[in-house]
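Q: Just dropping this structure here.
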Amino acid sequence: MAFKRIVLKLSGEALAGSAKTGIDNEVIKSIAKRVKTVTEMGVEVGIVVGGGNFWRGRDSLNIQRATSDYMGMLGTVMNALALQDALEKMDVLTRVQTSIEMRAVAEPYIRRRAIRQLEKKMVVIFAAGTGNPYFSTDTTAALRAAEINAEAILLAKKGVDGIYDSDPKQNKDAKKFEKLSYLDILSKNLKIMDATATSLCMDNNIPLVVFGIDDPDNIIRVIEGEKIGTIVKED
Ligand code: UDP
């Protein structure tokens with residue numbers, strides 16, 4: 001097994017199925033099942049959920065950006081609750097912690113409590129992003145991974161299975177990278193995460209595995225150390 005503690009980043013789209021919006025029950029079940037397997041392998045799993053299946057702050061033209069971003073963060077909470085429900089139905093102990101307090105719905109994020117829960121082999125879902133507008137849930141994944149001392153971030157991508165030198169959907173000759181450094185991502189301007197998330201990972205030396213979630217078994221393959229997708233770390 002390659003990792004003891006990880007942060008799995010699931011974009012909102014990864015939970016949406018073919019509709020691309022909302023939550024697809026079968027898709028969320030299939031992901032929850034693999035998360036269960038991974039916890040049974042003894043891996044401590046923190047999950048950062050995105051919210052793009054409901055709302056993306058920057059896409060709204062009519063709503064003030066910060067307000068729109070708060071709406072996006074609320075979207076991530078819906079995904080977190082749905083994922084918690086799917087995991088609990090499979091008897092996986094799961095806690096949701098939110099960066100914006102909403103105590104009737106979930107626990108507030110407390111770093112030490114999250115670590116304690118991970119040690120108790122609970123899955124901890126980090127919702128509401130960083131709690132700040134102008135950030136992304138990729139940055140949240142980098143931040144939480146640093147805070148909880150995760151050995152790696154598993155960045156699950158929908159529709160693509162790693163990092164390419166150009167968009168593989170538009171260029172059939174696009175070449176996939178097996179390994180990259182964070183500096184490569186920044187200097188080649190590769191659109192895999194925003195620059196804030198990339199530099200946070202770089203500054204804190206957090207390895208990142210970018211892989212495709214269209215086959216959810218890939219989560220298990222990455223944990224087992226199979227070389228799929230693209231690995232990003234300093235040389
Ligand atoms: N968001 C934010 N601050 C954060 C994390 C998220 O303002 O720390 C907002 C932002 O508007 C973003 C939305 O929440 O567009 C959904 O998150 P994201 O786009 O990262 O989700 P994903 O693309 O992974 O589904």
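Just so you know, all these numbers are worked out from the coordinates, no wet-lab data involved. Note that the structure is a prediction, hence the values are computed from the model and not measured. All Cβ positions, even for glycine, are placed from backbone atoms using ideal geometry, and neighbour counts span all protein chains on display.
Q: Taking the Cα centre of the chain as the origin, how large is its charge dipole in debye, to the nearest 20, when only Lys and Arg (+1) and Asp and Glu (-1) carry charge on their Cβ atoms?
A: Using Cβ point charges on Lys, Arg, Asp and Glu, the chain gives about 320 debye.
Q: Given a Förster distance of 25 Å, report the FRET efficiency between Leu186 and Tyr134 from their Cβ-Cβ distance, rounded to the nearest 0.05.
A: E between Leu186 and Tyr134, to the nearest 0.05, is 0.85.
Q: Label points 7 Å out from Cα along the Cβ direction at Val105 and Leu93: separation in nm?
A: Label at Val105, label at Leu93, 2.5 nm between them.
Q: Compute the convex hull volume of the Cα atoms of the chain, divide it by the residue count, and report the result per residue in Å³ as a whole number.
A: 122
Q: Return the distance in nm (one decimal) between the two label points of a simple spin-label model at Ile63 and Lys120, each offset 7 Å from Cα along Cα→Cβ.
A: So the label points at Ile63 and Lys120 sit 3.5 nm apart.
Q: So which residue, out of Asp194, Asp59, Asp69, gets the largest mean-square fluctuation from a GNM of the chain using Cα contacts under 10 Å as springs?
A: Ranking Asp194, Asp59, Asp69 by mean-square fluctuation puts Asp59 first.
Q: If you don't mind, another one. Under 16 Å between alpha carbons, and skipping anything fewer than 8 positions from Lys227 in its own chain: which aspartates and glutamates qualify?
A: Result set, ordered by chain and number: Asp161, Glu178, Asp215, Asp217.
Q: Another one. Given points 7 Å out from each Cα along the Cα-Cβ axis, report the Lys4 to Arg221 separation in nanometres with one decimal.
A: That separation, rounded to one decimal, is 2.7 nm.
Q: Give me the lysines in straight-line cross-link reach of Lys33: C-alpha distance below 18 Å, same-chain residues under 8 apart excluded.
A: By straight Cα distance, Lys33 reaches Lys9, Lys89, Lys121, Lys157, Lys158.
Q: Continuing with the same structure: What does DSSP give for the chain in terms of the percent of beta bridges that are antiparallel, rounded to the nearest 5?
A: Restricted to the chain, the bridges split so that about 10 percent are antiparallel.
Q: Using only the alpha carbons of segment 9-69, what is the convex hull's orientation-averaged projected area in square nanometres?
A: Computing the convex hull of the Cα atoms and averaging its projections yields 4.9 nm².
Q: If you don't mind, another one. Give me the aspartates and glutamates in straight-line cross-link reach of Lys120: C-alpha distance below 13 Å, same-chain residues under 8 apart excluded.
A: Of all the aspartates and glutamates, those that pass the test against Lys120 - Cα under 13 Å, at least 8 places apart if same chain - are Glu40, Glu44.
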